[in-house]
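Bear in mind that the values in this text are calculations on the coordinates, not laboratory data. This structure is a prediction, so every number in the text was calculated from the model and none was measured. Positions of Cβ are generated from backbone atoms using ideal geometry, with glycine treated the same way; all protein chains shown enter the neighbour counts.
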Amino acid sequence: MRARSVRGGVALALATVLSITAAACSNPGSSDKGSASADSAVVGIAYEPDSLSPLLGYGKDGNSKIFDGLLALDGNMELKPALATALPDVADDGLTYTYKLRQGVKFSDGEPFGAKDVVFTYRTILDKKTNNPSRTELDAVKDVEAVGDDTVVFTLAYPYAPFARRTVLPIAPEHVAGRQDVNSGSFTTRPIGTGPYVLTKWSKGEKLSFRANPGYWGGAPKVKRFTMAIIKDDDVRATRLRSGDLDGAILPPNLAEGFEGGSGLSTYTAKTYDYRTVTLPTHNKVAGDRAVRRALDIAVDREAMVDAILNGAGKPAYGPVPTDSEWFAEGTERAHDLDAAKKFLDEAGWKPGKDGVRTKDGVRAAFPLWYLTGDKLRQEHALAYASDARKAGIDITTEAGTWEVIQPRMKQDAVLAGGGSPADPDFDQYTLLKSDLAGDGFNNMARYDNKAVDAAVEAGRRSGDPAARKAAYDTVQRELAKDPGYTFLTHIDHVYVVGSRFGALTTQVEPHDHGLASGPWWNVEKWTPEGADK
Amino acid sequence: MARMTARRALSAVPVLIAVTFGVFAVAAASPFDPVKAYAGTAGLTASQENLDQLRANLGVDQPLVTRWWDWLTSAVQGDLGDSTVMRMPVADVIGERLGWSLLLATCAFLVAILLGTALGVLAARRPGGALDRCVSSAAYTLEAAPAFWLGLLAIWFFALELDILPAGGLTDAASDTVTFGQVATHLVLPAAVLGISQLPWFFLYVRQGVTDALDEDPVRGARARGLRERTVLLGHALRSGMLPMLTLIGSRVPELITGALLVETVFSWPGIAAATVQAATSVDFSLLAALTVLATAAVLLGNLLSDLLYGLADPRVGFDG
């Protein structure tokens, strides 16, 4: 009775209402079986892009599926040509970058790609009227010009060694995006690019659907249909993966564990530059004291954090560069040593008080540590940090807040922050450590001020010589060991579970942001699923 | 009846205007920063100059009253502005999503009303009987159960254990076209969950109303005249027992909207409710104001509807004025 009524009610309601609403939205004549076929893949991701327009910042780090950049990053994070035919010619003074463009490339609407599109894309992003929050990343660009239809020349305001790595950003078609409002036109949600996939539908909050671009210059992908389902809740994502709704998903380590050894699914752990760190603001009497910073740096038990908070999916961090990176300065690891930490504090005059908390000249060794409300990972890091600090006699109180609450306090209070960009050490370290960027937006949150580091990050960005750059970033890491303006805690692995039928997959080294461009599907256009047409 | 409708419509105008101003005022007073919301994670690496430029571009550096007046005057002329969180015109956002929300809400409402009425009448026939006790205690339990919890439970049981219904979305995740069959199967769980979460109120009202009506003189008279039990129950008792429920229909509209908010989120349903949450947390003034107008209008219409139905069902009440 009850079940029949439900069905009856639903059927009745469907007949009346669906005919009105669905008629407007459905695509008559399509024969959708809906079930996953061999050449389709559906992955669950946690974050949704705000916009799909490269002009507003989408895909700026490369790998956008719908678009191509002049260059792209391969599996080893090395630059390779994409819409350019080769890596750029860099003038001796490091101020001029010349790109030769690939010929015969077409946008998915059939119009040819040319130098004018490149110039349009970069000029629009640099235009102050464009609401692109990442414009600062192109600060070095003074001008961009087309020379003929197959050459583009960038002129820089100052020598910027990692500039080529910025040119992975996607190229938008001038003939479409140039004819509408850059900030809210239809291009922001219905993009047209040169990439391996064409967006067929973006149902906001639900999914992004892609179809393989048969005319892709890099060869038509074998996965013909690719869908990114947006499922914010970790548990729901795991559930839908288990029910067979999804072919793959990003999962927190503890949920991914449940899939290990499961049939038909493989687990991938992507190495990252994604760090969690505690800012130690120089304007705080306690956290600004070098002895306190050094004590905290060795009082924290990073290994315990990796094991307990990350379920082992991660590694201890001693600076922004992960220990297994080629940019890592060997010998800058610091072991957990509580006794040495106490000795540092004793020698600097921080004497234990009655409640176990140290004081010096009437100042109590205490400061607040903020973390982002609702971010469980940051909360656990903050609590573990406070507990480790307490053992050394430093009283850290953890507080939760949104960025609106935290930002005005960043000058005085510590913050549990995250970040990380694997493409080039400059991308992270310049804005994190440069003293004249102190308190500029979210740049240099700790207002770190160290002359040697300033000189090194400046040298690292200007020198075109890889050996000189390596030396510069080694200096930065050694200085950070002597004067840690931040306590770096962990680098976090990103864990994905994907169907085994897609074969053995790879992952790139991933940045702080993850889920959309990264993951094992970073090169889905190269996948060869079982049963697909070879 | 027409006069009441016209007068209500007229009085709705100042209410709606006041509500939009309220939205702008509350949003402006909220600690959230629209620029940070717009920039997202990119804002965490942006320079102050970049952020200031964004503030000017988005027009959020203007004083509250100016912003509200600009929005209102262009809204009256049919331009609802651009949504900063969706990066598209507000009219497009609403056009894309409202239909799916209406579909979900209508189906859920029908489930709740039809099922609630049927069960209510059956329970009222034998108060204290086995059916009444079962359904009543189930109804009280359901009243206390949050819609999202019911949703998760339904996903677990129907999608996971039985694997007969999809767990979420408007269509299968792999499909990029919207077809009748797909939407129909994907609608069953969210509509049933939302409907069942609303059902207890309708059930309890009908049960009480019909039970009371069965004790009233007209019904007793009808029985005495030897009319069939079926006629007595449906023709007499239900008719007067329905009266309180008609009021309920209008007053459940706001509840339906908030319920849909949670259900749409749990089932990844691409409706307007999910957009409302995003608009609110991102201080997206244009979208938030337009959606609030819609919600307010829905509530006003709901009240009007229940008054009209009440007047039609019971001629003694009549229409005010």
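Using r as the Cβ-Cβ distance of A:Val147 and A:Glu78, and R0 as 30 Å, what FRET efficiency do you calculate, to the nearest 0.05? Before the final figure, lay out each step's value.
Details: r = 27 Å, r/R0 = 0.90.
Calculated transfer efficiency: 0.65.
Report the GluC sites (Glu not before Pro) located in region A:310-356 that are in a DSSP loop and have at most 15 other Cβ atoms inside 10 Å of their Cβ, or state none. Provide the component values of the computation, followed by the final result.
Values: sites: A:Glu326, A:Glu330, A:Glu333, A:Glu347; in loops: A:Glu326, A:Glu330, A:Glu333.
Here the GluC sites (Glu not before Pro) that fit, given the DSSP loop and packing criteria, are A:Glu326, A:Glu330, A:Glu333.
Would you mind checking which residues have amide H under 5 Å from B:Asp82's amide H? H placed 1.01 Å from N; only 5 or more apart, or other chain.
Result for B:Asp82 returns B:Val90.
Output the Kirkwood hydrodynamic radius of region A:68-152, Cα pairs only, in Å rounded to one decimal. Please report the intermediate quantities before stating the final value.
Details: mean 1/r = 0.0709 Å⁻¹.
14.1 Å is the Kirkwood radius here.
For region B:16-173, build the charge dipole from Cβ charges (+1 Lys, Arg; -1 Asp, Glu) around the Cα centre, then report which of B:Gly78, B:Ala130, B:Leu165 sits farthest towards its positive end.
Working it through, the farthest residue towards the positive pole turns out to be B:Ala130.
Across chain B, where is the longest run that never hits trypsin sites (Lys or Arg not before Pro) in a DSSP loop with at most 10 other C-beta atoms within 10 Å?
B:1-224
Can you tell which of A:Trp403, B:Leu238, A:Leu251 lies farthest toward the positive end of the dipole of the protein assembly as shown, using +1 and -1 charges on the Cβ of basic and acidic side chains (Lys, Arg; Asp, Glu)?
Toward the positive end, the furthest listed residue is B:Leu238.
Over every pair of different alpha-carbon atoms in region A:34-186, take the mean of 1/r and invert it; report that Kirkwood radius in Å. Mind dumping the intermediate values first?
Numbers: mean 1/r = 0.0610 Å⁻¹.
For region A:34-186, the Kirkwood estimate is 16.4 Å.
For A:241-249, what's the mean count of beta carbons from other chains sitting within 10 Å of each residue's beta carbon? Numbers along the way, then the final one.
Details: counts 0, 3, 9, 4, 8, 3, 2, 0, 0.
Counting Cβ atoms of other protein chains within 10 Å of each residue's Cβ and averaging gives 3.
Between rounded, prolate and oblate, where does region B:1-135 land on the alpha carbon gyration tensor, with a ≥ b ≥ c its root eigenvalues, rounded for a/c under 1.5, else prolate if a/b exceeds b/c? Working shown, then result.
Details: a/c = 3.07, a/b = 1.95, b/c = 1.58.
It is prolate, given that a/c is not under 1.5 and a/b is the larger ratio.
By a straight-distance test (C-alpha under 16 Å), which lysines pair with A:Lys343 as possible cross-link partners, with residues fewer than eight away in the same chain excluded?
Answer for A:Lys343, where 16 Å is the Cα cut-off: A:Lys351, A:Lys360, A:Lys391, A:Lys482, listed by chain and number.
Please report the orientation-averaged projected area of region B:1-75, defined via the convex hull of its C-alpha atoms, in nm².
Numbers: hull surface 26.5 nm².
The number I arrive at for region B:1-75 is 6.6 nm².
For chain A, compute Rg over Rh where Rg is the Cα radius of gyration and Rh is the Kirkwood radius from the inverse mean 1/r over Cα pairs. It would help to have the intermediate numbers written out before the result.
Numbers: Rg = 25.6 Å, Rh = 25.4 Å.
Rg/Rh: 1.01.
Please give, to one decimal in nm, the separation of the simple spin-label points placed at A:Leu383 and A:Lys106, each 7 Å out from Cα toward the Cβ.
About 5.8 nm separates the two model spin labels.
Where does region A:461-529 land on the Kirkwood hydrodynamic radius, alpha-carbon pairs, in angstrom?
Result for region A:461-529 stands at 15.6 Å.
Loop only per DSSP, at most 15 neighbouring Cβ atoms within 10 Å: give me the chymotrypsin sites (Phe, Trp or Tyr not before Pro) in region B:171-203, ordered by residue number.
Working: sites: B:Phe180, B:Trp201, B:Phe202, B:Phe203; in loops: none.
Here no chymotrypsin sites (Phe, Trp or Tyr not before Pro) fit, given the DSSP loop and packing criteria.
Could you work out how far apart the two model spin labels at A:Arg334 and B:Ala2 are, taking each label as a point 7 Å from the Cα in the direction of the beta carbon, and quote it in nm?
About 8.3 nm, to one decimal.
Along region B:255-271, what does the Karplus equation 6.51 cos²θ - 1.76 cosθ + 1.60 (θ = phi - 60°) give for ³J(HN,Hα), rounded to whole Hz, x for Gly and Pro?
These are the phi-based 3J(HN,Hα) values: 4, 5, 5, 5, x, 4, 3, 6, 5, 4, 5, 5, 9, 6, 7, x, x Hz.
Short version: ³J(HN,Hα) in whole Hz for each residue of region A:230-244, in order, from phi by Karplus 6.51 cos²θ - 1.76 cosθ + 1.60 (θ = phi - 60°), x for Gly and Pro, what are they?
So the J values, rounded to whole Hz, are 8, 10, 5, 7, 4, 5, 5, 4, 5, 4, 6, 5, 5, 6, x.
Once the Cβ-Cβ distance between A:Glu326 and A:Lys526 is put in as r, and R0 is 25 Å, what FRET efficiency do you end up with, to the nearest 0.05?
Working: r = 24 Å, r/R0 = 0.97.
So the FRET efficiency works out to roughly 0.55.
For region A:446-498, what percent of Cα pairs sit more than 12 Å apart? If you can, show how the numbers build up before the last one.
On the way: 954 of 1378 pairs.
Percentage above 12 Å: 69.
Report the full-extension gain for the segment A:Thr373 to A:Lys232: residue separation times 0.36 nm, less the Cα-Cα distance, to one decimal in nm.
Here the segment from A:Thr373 to A:Lys232 would lengthen by 49.1 nm.
With a Förster radius of 51 Å, plug the Cβ-Cβ distance of B:Ala29 and B:Arg316 into 1/(1 + (r/R0)^6) and report the FRET value to the nearest 0.05. Show your work: numbers first, answer last.
On the way: r = 47 Å, r/R0 = 0.92.
With R0 = 51 Å, the Cβ-Cβ based efficiency is 0.60.
At most 10 other Cβ atoms within 10 Å and a DSSP loop assignment: could you name the trypsin sites (Lys or Arg not before Pro) in region A:179-215 that fit?
Within region A:179-215, the qualifying trypsin sites (Lys or Arg not before Pro) (loop, at most 10 other Cβ atoms within 10 Å) are A:Arg179.
Can you tell me which of B:284-295, A:113-124 comes out highest on packing, and rank the rest after it, using the mean Cβ neighbours within 10 Å? Display every interim value, and only then the final one.
Values: B:284-295: 23.4, A:113-124: 21.2.
Order by mean packing, descending: B:284-295, A:113-124.
Output wanted: per-residue J couplings in Hz (rounded whole) for region B:161-170, from phi through Karplus 6.51 cos²θ - 1.76 cosθ + 1.60, θ = phi - 60°, x for Gly and Pro.
Rounded to whole hertz, the list is 6, 8, 6, 10, 10, x, 8, x, x, 8.
Ignoring everything except DSSP H segments at least 4 long, calculate the 222 nm mean residue ellipticity for chain A; use -39,500 (n - 2.57) per segment, divide by total residues, nearest 500. Don't jump to the answer; show the numbers that get you there.
On the way: 15 runs with 137 residues, N = 534.
Mean residue ellipticity at 222 nm (helix-derived): -7500 deg cm²/dmol.
Lysine pairs in region A:76-207 with alpha-carbon atoms under 26 Å apart, 8 or more places apart or on different chains: how many are there?
14
Report the rotationally averaged projected area of region A:139-222 based on its alpha-carbon convex hull, in square nanometres. Numbers along the way, then the final one.
Details: hull surface 32.3 nm².
Mean projected area for region A:139-222: 8.1 nm², to one decimal.
Just to compare against my own numbers: the Cα pair-distance distribution for region A:196-237, 5 Å bins, whole % per bin, please.
Result, from short to long distances: 6, 24, 22, 17, 13, 11, 5, 2 percent.
Which whole-number percent of Cα pairs in region B:167-321 have a distance greater than 26 Å? Mind showing how you got there, number by number?
Working: 5708 of 11935 pairs.
That fraction is 48 percent.
Could you tell me whether region B:101-154 comes out rounded, prolate or oblate from its Cα gyration tensor? Rule is a ≥ b ≥ c as square roots of the eigenvalues, rounded for a/c under 1.5, then prolate if a/b exceeds b/c, otherwise oblate. Could you put the intermediate results ahead of the total?
Details: a/c = 3.71, a/b = 1.51, b/c = 2.45.
Note, shape of region B:101-154 comes out oblate.
With a ≥ b ≥ c taken as the square roots of the eigenvalues of the C-alpha gyration tensor of chain B, please select rounded if a/c is under 1.5 and otherwise prolate if a/b is larger than b/c or oblate if it is not? Write down the numbers at each step before the final one.
Details: a/c = 2.93, a/b = 1.66, b/c = 1.77.
Oblate, because a/c is 1.5 or more while a/b does not exceed b/c.
Taking only Cα atoms, what is the 0 to 90° angle, nearest 10, from helix A:2-13's long axis to the longest principal axis of chain A?
70 degrees
Given 25 °C and 0.890 mPa s, compute D for region A:234-319 with the Stokes-Einstein relation, Rh being the Kirkwood radius over Cα pairs; round to the nearest whole µm²/s. If you can, show how the numbers build up before the last one.
Values: Rh = 15.9 Å.
Rounded to a whole number, D works out at 155 µm²/s.
Each label point is 7 Å from the Cα along the Cα-to-Cβ direction; what then is the distance between the points at A:Ala467 and A:Thr402, in nm?
5.3 nm
Return B:Cys107, B:Cys134 ranked ascending by Cβ neighbour count within 10 Å, so the fewest neighbours appear first.
B:Cys134, B:Cys107
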